[in-house]
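Encoded as structure tokens, the structure appears first; notes follow it.
The values are calculated or read from the model by the stated rules, or taken from the named source; none is laboratory data. Model, not experiment: these values are computed from the prediction. Cβ coordinates were reconstructed from backbone atoms using ideal geometry, including for glycine residues, and neighbour counts include every protein chain displayed.
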Amino acid sequence: MVGLGARDSLRLEAGLCLYGHDINEGTSPIEAALAWTISKRRKEQGGYLGSDIVSKHIAEGVSAKRCGFVAEGKLPVREGAEIFHEERKVGYVTSGGPSPCLNNQGIGMAYVETPLNKLRTQLTAVVRGKQIPITVKKMPFVPARYYKPE
């Protein structure tokens with residue numbers, strides 16, 4: 001694979017966000033599960049653009065959070081697919097596709113209502129009218145194997 005397809009599958013496997021799909025100007029780092037990108041000092045002192053919203057989200061929680069999922073079977077669950085739990089819509093897919101490193105198993109990222117975004121939660125995605133069982137999984141889907149010189 002080359003080009004955008006390679007970029008997309010690699011970033012999905014690594015659990016990385018793509019601006020305009022998984023995050024945008026209206027997404028808080030807490031909703032996007034990116035709280036680790038804000039230093040402890042910044043969390044405590046604030047003073048940065050959007051700190052009032054981020055502080056509120058840290059203190060009170062958020063209604064939905066980004067999570068990873070794997071789909072049952074080979075049918076990829078793509079952006080825009082709705083996610084259900086017991087007949088109730090609880091989220092939507094922001095990115096999805098097959099994972100070459102995981103034998104082309106369908107993987108993706110979605111915003112799902114809390115606490116249904118917890119690991120091993122069983123949900124259903126609707127793709128072209130077909131219900132696809134999905135399971136919330138930890139990201140990255142493929143562990144990083146960075147070279148670390150001694």
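Of all the residues that make up the range 91-150, how many are among the aliphatic types (A, V, I, L, M) and over 21 Å from ARG7 (Cα atoms)? Within the range 91-150, residues that are among the aliphatic types (A, V, I, L, M) and over 21 Å from ARG7 (Cα atoms) number 10. Among the residues of the range 1-44, those identified as within 19 Å of GLY61 (Cβ to Cβ) and either assigned to a loop (DSSP other than H, G, I, E, B) or among the acidic types (Asp, Glu) (or both) are GLY26, THR27, SER28, PRO29, ILE30, GLU31, ALA32, ALA33, LEU34, ILE38, GLU44.
Answer with yes or no whether GLU82 is charged (D, E, K, R), touching a Phe, Trp or Tyr at 6+ places or on another chain (Cβ under 6 Å) and surrounded by 13 or more Cβ atoms within 10 Å (Cβ to Cβ).
Numbers: charged (D, E, K, R): yes; touching a Phe, Trp or Tyr at 6+ places or on another chain (Cβ under 6 Å): yes; surrounded by 13 or more Cβ atoms within 10 Å (Cβ to Cβ): yes.
Answer is yes for this residue.
On the basis of being at pLDDT 95 or above, out of contact with any helix residue (DSSP H, G or I) (no Cβ under 7 Å at 6 or more places or on another chain), of a type in the set (Val, Ile, Thr) and under 18 Å from ASP22 (Cα atoms), does VAL126 make the cut?
Values: at pLDDT 95 or above: yes; out of contact with any helix residue (DSSP H, G or I) (no Cβ under 7 Å at 6 or more places or on another chain): yes; of a type in the set (Val, Ile, Thr): yes; under 18 Å from ASP22 (Cα atoms): no.
Criteria not met by VAL126.
Go through the range 63-88 and give me each residue that's over 13 Å from GLN131 (Cα atoms) and of a type in the set (A, V, I, L, M). Matches in the range 63-88: ALA64, VAL70.
Which one is farthest from GLU87 (Cα to Cα) among residues in the range 115-142 that are of a type in the set (A, V, I, L, M, F, W, C) and part of a strand (DSSP E or B)? Break it down into steps so the answer makes sense when it comes.
Looking only at the range 115-142, we keep the residues that are of a type in the set (A, V, I, L, M, F, W, C), and these are 116, 119, 123, 125-127, 132, 134, 136, 139, 141-142.
Checking the rest, the ones that are also part of a strand (DSSP E or B) come to 123, 125-127, 132, 134, 136.
Numbers: LEU123: 10, ALA125: 11, VAL126: 11, VAL127: 15, ILE132: 13, ILE134: 14, VAL136: 17 Å.
The extreme case among them is VAL136.
When you check ASN104 against the structure, is it closer than 28 Å to PRO143 by Cα and either among the charged types (D, E, K, R) or at pLDDT below 95 (or both), yes or no? Answer is yes for this residue.
The residue pairs whose first member lies in the range 72-92 and is over 13 Å from TYR111 (Cβ atoms) and touching a residue at least 40 places away in the same chain (Cβ under 8 Å), whose second member is outside any loop (DSSP other than H, G, I, E, B) and among the basic types (Lys, Arg), and whose beta carbons are closer than 9 Å, counting only pairs six or more residues apart or on different chains, are LEU75/LYS130.
Please determine whether any residue of the range 97-115 is among the aliphatic types (A, V, I, L, M), free of Cβ contacts under 8 Å to residues at least 60 places away in the same chain, buried (at least 16 other Cβ atoms within 10 Å of the Cβ) and under 23 Å from THR27 (Cβ atoms). Yes, the conditions are met somewhere in the range 97-115. Comparison of SER99, SER51, SER55, SER63 shows that the only residue that is touching a helix residue (DSSP H, G or I) at 6+ places or on another chain (Cβ under 7 Å) and among the small types (Gly, Ala, Ser) is SER99.
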